[in-house]
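J.: Encoded as structure tokens, here's the structure I'll be asking about.
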Amino acid sequence: MEHFVSMEMAKEEPGKEPEPPVLSDNEDTNGVSTQKDEKQGNEKEVVVEGRKTRKQQEKESQKKIMNLRRDLTAFVTDIQTAADAKVVQKRTQLGEAKQKREELLEKDVKSSQEKFDEIASRWLIVSQKVILPDLQEALNKQQQLCAVLIQDKKKLINELQQELKLGDDSYVKHLRKNAEEIDLMIERMEDQIQILTQAYREELAQIERVHQQELKFLLSEDITKWEEDLKELWDKELESLAERRKKVEEYEEKIHKLRFKNAHNTKVLEMENNAKEQAEERTNQKIRNATVLEKLKHQGLEEKETQFRLSLANLKRISQRDENNLQKLKNLYTKEQKEFTRHSRKLSENYKRQIQKYERLKVQLKHFAVADGKTFEEMWLMTDAEAKQLAERALLIDSVICKQLLGLSWERPHLASLELSGPSRPQELAGNSDSGPERQEENFFSDTQEKVKELLCNETDFLVETKVLKLLAPLENEEQTDMKLVTLLYSLGLNDKDLPELTDFLIKYEHQQKEQTKDACASSDFGKAEETRATTNSGPELINPDHVLPALKSFLEHRRKSSAQRDSSEHEAYWESLGNVVSEEKLKLWDAAERNLKQYHAVLMEISDLTLETDRLKQRNAELRMQLQQRLSSTAD
Amino acid sequence: MRRIIAENPNWSLVVVPSLSSMCLQSIVNNFEEKQIFEQLTPGQRDFIQEGLSPTLPLRVTANLIPDGVYWKRCCERRWDLCDVSRYGHSWRRMFFERHLENLIELFIPEVTEPKAVLDVLPFCKSYVRRLNVSQLLPPIKEPQGEKDGEENDLDLAIDSEHDEACAHHFDFGLVLRELTHLEELALVYRVKECGMNFEWKMFEMTKRDCESLAKALKSSRTLKLFRLHQSNVEDKKCRLLVKHLLDHPSLRELDLSHNLIGNGGARAIGKLLARSKLEVLNVCDNKIGELGAKAIARALSRNSTLSSLNLRLNLVRDEGGAAIGEALRSNTTLHHLNLGGNDMTWRAASALSDVLIENKTLRSINLSCNNLGKVGGKALAEAMSHNTTLTELNVLLTEVDEQNASFVSEVVCANQRSEHKKQRKTGSIKYP
């Protein structure tokens, strides 16, 4: 019996109790943990987002959430505790039932024990009985009693079994209830989780919103503040920069000044130092000198003298050497001078020689010119004579041809030109001879010539180029005039040889002019005439400078005329007349005659050839006859 | 070529797989004979993990295939519900733990070869951290057993002894020795879905079971959590277990809830508290009486590691509660205490409230479902007015009058808030 009870208990206890609390525990913790997780997240975000943000909002939300959590968890734990309470209740009930059962069993045991004792005691009576019917009766009674006992027991057993069944049923009911409760709890928890998560989300959103607002606000504030500060900073920086720049400039100036000052000071110091040093040195030197002097004095004056002497000798030697050098140089100089003079002399001699040579050449030239004139004359005469002879001969041949060949009457043509050649020749020769004595005069008037030249140059400066004048300016007078003359002559188209001619011409021209003026006013002023004469006497070359130019012009014209005079047109005519002694017609006539004569000549030549051939043939014939005769004679032999 | 296209409009060159993918496919097909995995590129490895058959023997795959797609496929193929977050986000760990659990749960002593389990262990041992065995099958003894059951009515004592002699469950000694990374072990000696074959002895462990289990627990050096639920552990077995758990190097949490532990077992547990580093002890829904509670209280007064004690639904009563309260005077580590449903009255409440004034470490106390009455409520309210650390005090269904209850809850709320502030100030927000 007890076994059953214990079984029931065992059945009830582990089956009924354990499941709800365990499950509820697990679920609860799970729920809480999820909540906690979320809360953690929330808190973290709160912490991360900003510590300065409004704590009120946080606090509020925290409070809310905490309350919510507590309430909700309480909601669940209530169920758990209720279940626990039920379990406790059940336990007490079970305990009571157990006690009752135990009492009942004890009672039963007692009563059954009594009955058993009765039966057992009866057995003795039964065993004493010998009579069968009695025994039978007794046995029956015993059996009855036992049956009663068994019935009692069976009854009890039935009761207990019924109780057990009831217990089983209630246990099953309990299980179902528990299951329902668990389901309910799960549902609740799920709801709560949802509620909580929603609440968390809401709170989170709110907190976030608040935080964001605050963040924005703070950010804008900070930004404005930052900008302001930055501006201030910039301004300050700029100001300080400007100040610093100024300061730098000031300092630079100061430094410059200081540097100069320092340099100056140091230099002054140095100089002072130098001066001091030098003074010291000087004093030292003096002292040393003094000491030296003293020493020298102490050593003796003789040594000094000898030294002096030695130095004097040295100096003398040096001076002597210098003198020698000087002498040498002088000698060299004189030598050089001599050589130079010699050289110049040589050169002048050379020059003179050259001039002489030139003069000689001039004379030679003149001589050759005269000789050429003579030869020209002779040649002229000769060729003239020859030409005349030839003309005569031509005329003679013509006459022969006309008279003999043609049988025409021949007239002697006019030959006037033959006599024309005569007078032209002596004129030229006379011109040449005229210039000769004048040249001889020239030598005597070289001085006058020089002066004339000078005058000429001075008067005709304008003809010379200014450049040349500038170049000539630094030269001496004589050279200047020479050069000017050369250029002048060149520009006038004259030669050096023409110069004396020109001077002569100028002088003559002056004379002519003077005579003219004298004639014009001879009696007008006697004193004046005398003066002019005096001037002419002193130097006939002195020409009035005003007359130089017209004189030059006339000279040039004269020269042009004289050159034109030399034209040999007469000579040409003369020579042409000589060439035309035989006329054209005559020439034609002569040609025809020649032709005829040639024909005649050819005929004659033929005849002569033929005669020659005949001669040869005759000769051959004779030879052949001879040969024949010889053969014949030979053959005859 | 052209003919093929003409005949088959769906033909396209894309359908023809590339040589490399064909090679990979052949590697997949012949993976059992020849394992080519390490020398492949990550992309190719992914392909192989996608393609490998989940039925390949574990000896091939266990240590070669890394955690990932393959193990996910294996898991999903075998079980509908796969919450990888409970397994440290490791599909391989999940696979091996659940595989081993399945093997143990379906192990029938004397029928199944122990080799079937032992063969797997070498592959499992480096991945299994937690074993949650939800059933252990008893050995089969069909006709005889039934007969025994019929005869049981006559001779209970002999039969039960006989049963105990032969109805041994799976021996954990073999397994725990091998699993060098095991940290959590949860056992329930029961048979799920037994239906009409129900027998009481399906739901209890035998003495030999207990012995072997105790030895196995002792041999495991890494175990941190041991949980034995609803397995009819009485004082004897409890003592036996505790005897072997004394001075365990790593055990931190012990859960023997919903058993039949009485005062004797509680005394043993008190001894265990003194000689271990237990941090969490849960013995709710047992039969620990006043003496057992006193023994535990004694241990508690000396212990310096325990932070949570659950004595819910026991028979501690006033004396036990007072003893525990007394012990808390000198204890500075206990944070959570649950004395719900222990048939306590105002005396225990007043004893506890005396402690609450002094103790600064307790965070939560649960006194629900005790008959504390108005006096007890008053004492608690008074004590709470001096306390600033307690953040949870459950006085539901204790017949405390509303005034005191609300006062208590107010104080608790205030304490909670101040706690929050403290946490805020220290900057480190920890959630117990």
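The values are calculated or read from the model by the stated rules, or taken from the named source; none is laboratory data. From a predicted model like this one, the values you see are computed outputs, not experimental measurements. Cβ: placed from backbone, ideal geometry, glycine included. Neighbour counts: every protein chain shown. Accessible surface is based on the protein model in full, side chains and every heavy atom, while ligands, DNA and RNA are left aside. Shrake-Rupley method; radii C 1.70, N 1.55, O 1.52, S 1.80 Å.
J.: What's the Cα-based Rg to Rh of segment B:341-389, Rh via Kirkwood?
T.: Working: Rg = 10.2 Å, Rh = 10.8 Å.
Ratio of gyration radius to Kirkwood radius: 0.95.
J.: When only alpha-carbon atoms are used, what values of Rg and Dmax, in angstrom, describe segment A:175-283?
T.: Both quantities, over Cα of segment A:175-283: 43.3, 140 Å.
J.: Same structure again: Once Rh for segment A:189-348 is found with the Kirkwood sum over Cα pairs, what is the Stokes-Einstein diffusion coefficient at 37 °C and 0.692 mPa s, in µm²/s?
T.: Answer, rounded: 112 µm²/s.
J.: Return the subset of A:Lys177/B:Lys236; A:Lys100/A:Lys153; A:Lys388/A:Lys586; A:Lys231/A:Lys254 for which the Cα-Cα distance in this structure is over 27 Å, preserving the input order.
T.: Working: A:Lys177/B:Lys236 34 Å; A:Lys100/A:Lys153 17 Å; A:Lys388/A:Lys586 18 Å; A:Lys231/A:Lys254 34 Å.
Too far apart for the 27 Å limit: A:Lys177/B:Lys236; A:Lys231/A:Lys254.
J.: Once all Cα-Cα distances of chain B are split into 20 Å bins that start at 0, what whole-number percent is in each one?
T.: Using 20 Å bins, I get a P(r) of 21, 40, 27, 9, 2, 0 for chain B.
J.: I would also like to ask the following. May I ask for the Rg/Rh ratio of segment B:23-85, computed from Cα atoms with Rh as the Kirkwood radius, given to two decimals?
T.: Rounded to two decimals, Rg/Rh equals 0.97.
J.: So, with +1 on the Cβ of K and R and -1 on the Cβ of D and E, and no other charges, what is the size of the charge dipole of segment A:282-333 about its Cα centre, to the nearest 20 debye?
T.: On the way: 12 positive and 6 negative charges, 42 e Å.
Charge dipole of segment A:282-333: 200 debye, to the nearest 20.
J.: Please report the base-10 log of the normalised intensity I(q)/I(0) for segment A:68-107, using a Debye sum with one equal scatterer per alpha carbon and no solvent, at each q in 0.28 (1/Å).
T.: Those come out to -0.82, one per q.
J.: State log₁₀ I(q)/I(0) for segment B:271-310 at q = 0.20, 0.29 Å⁻¹ as given by the Debye formula over alpha-carbon point scatterers of equal weight, solvent excluded.
T.: The Cα Debye sum returns log10 ratios of -0.57, -1.11.
J.: Rolling a 1.4 angstrom probe over the protein chains, ignoring ligands and nucleic acids, what is the accessible area of B:Val280 in square angstrom, nearest 10?
T.: 40
J.: Once you have all Cα-Cα distances for segment A:565-637, histogram them in 10 Å bins from zero and send the whole-percent values.
T.: 15, 17, 15, 14, 12, 10, 8, 6, 3, 1
J.: Bin by bin, in steps of 5 Å, what percent of the Cα pairs in segment B:300-401 do you find, going until the bin that has the longest distance?
T.: Taking every Cα pair in segment B:300-401, the percentages come to 3, 15, 27, 29, 19, 6, 1, 0.
J.: Apply the Karplus curve 6.51 cos²θ - 1.76 cosθ + 1.60, θ = phi - 60°, to the phi angles in segment B:251-261 and return the couplings in whole Hz, x for Gly and Pro.
T.: 5, 10, 9, 10, 10, 10, 6, 6, 10, 10, 6
J.: Let me ask something additional. With the solvent-accessible surface defined on protein heavy atoms using a 1.4 Å probe, which residues belonging to segment B:339-378 display a reduction of at least 30 Å² in accessible area in the multichain context relative to the isolated chain?
T.: Listed in order, they are B:Cys369.
J.: Per residue, how big is the convex hull around the C-alpha atoms of segment A:94-144? Give it to me in cubic angstrom, could you?
T.: That works out to 50 Å³ per residue.
J.: Largest first and in whole Å, what are the equivalent-ellipsoid semi-axes of segment B:20-147 based on the Cα gyration tensor, each being the root of 5 times an eigenvalue? Walk me through the intermediate numbers first.
T.: Details: eigenvalues 230, 56, 29 Å².
For segment B:20-147, the semi-axes come out at 34, 17, 12 Å.
J.: With N set to the residue count of segment B:260-335, report its C-alpha Rg divided by 2.2 N^0.38 Å to two decimal places.
T.: 0.95
J.: Right, next: Tell me the relative contact order for chain B as a rounded percent, counting alpha carbon contacts under 8 Å between residues six or more apart. Walk me through the numbers before you get to the answer.
T.: Numbers: 782 pairs, mean separation 30.1, N = 432.
Once normalised by length, the contact order is 7 percent.
J.: Rounded to the nearest 10 Å², what accessible area does A:Leu326 show when all protein chains are kept and the probe is 1.4 Å?
T.: 90
J.: Given the Cα atoms of segment A:138-218, and with Rh set as the inverse mean 1/r over their pairs in the Kirkwood sense, what is Rg to Rh to two decimals?
T.: Taking Rg over the Kirkwood Rh, I get 1.77.
J.: Looking only at other chains, what is the average number of their beta-carbon atoms within 10 angstrom of each beta-carbon in A:79-87?
T.: 6
J.: Hey, any idea what the orientation-averaged projected area of the convex hull of segment B:166-291's Cα atoms comes to, in nm²?
T.: Approximately 7.8 nm², given one-decimal rounding.
J.: State the answer as a single residue: which of B:Asn370, B:Leu380, B:Thr398 lies farthest towards the positive end of the charge dipole of segment B:357-432, with beta carbon charges of +1 for Lys and Arg and -1 for Asp and Glu, about the Cα centre.
T.: Result: B:Leu380, furthest along the dipole toward the positive end.
J.: Further question: State the volume of the convex hull built on the alpha-carbon positions of segment A:240-334, expressed per residue in Å³ and rounded to an integer.
T.: 175
J.: Nearest 20 debye, what's the magnitude of the dipole of segment A:154-198 about its Cα centre given +1 on Lys and Arg Cβ and -1 on Asp and Glu Cβ?
T.: Values: 7 positive and 10 negative charges, 80 e Å.
The calculation lands at about 380 debye.
J.: Under unit Cβ charges (Lys, Arg +1; Asp, Glu -1), what dipole magnitude, rounded to 20 debye, does chain B have relative to its Cα centre?
T.: The calculation lands at about 2320 debye.
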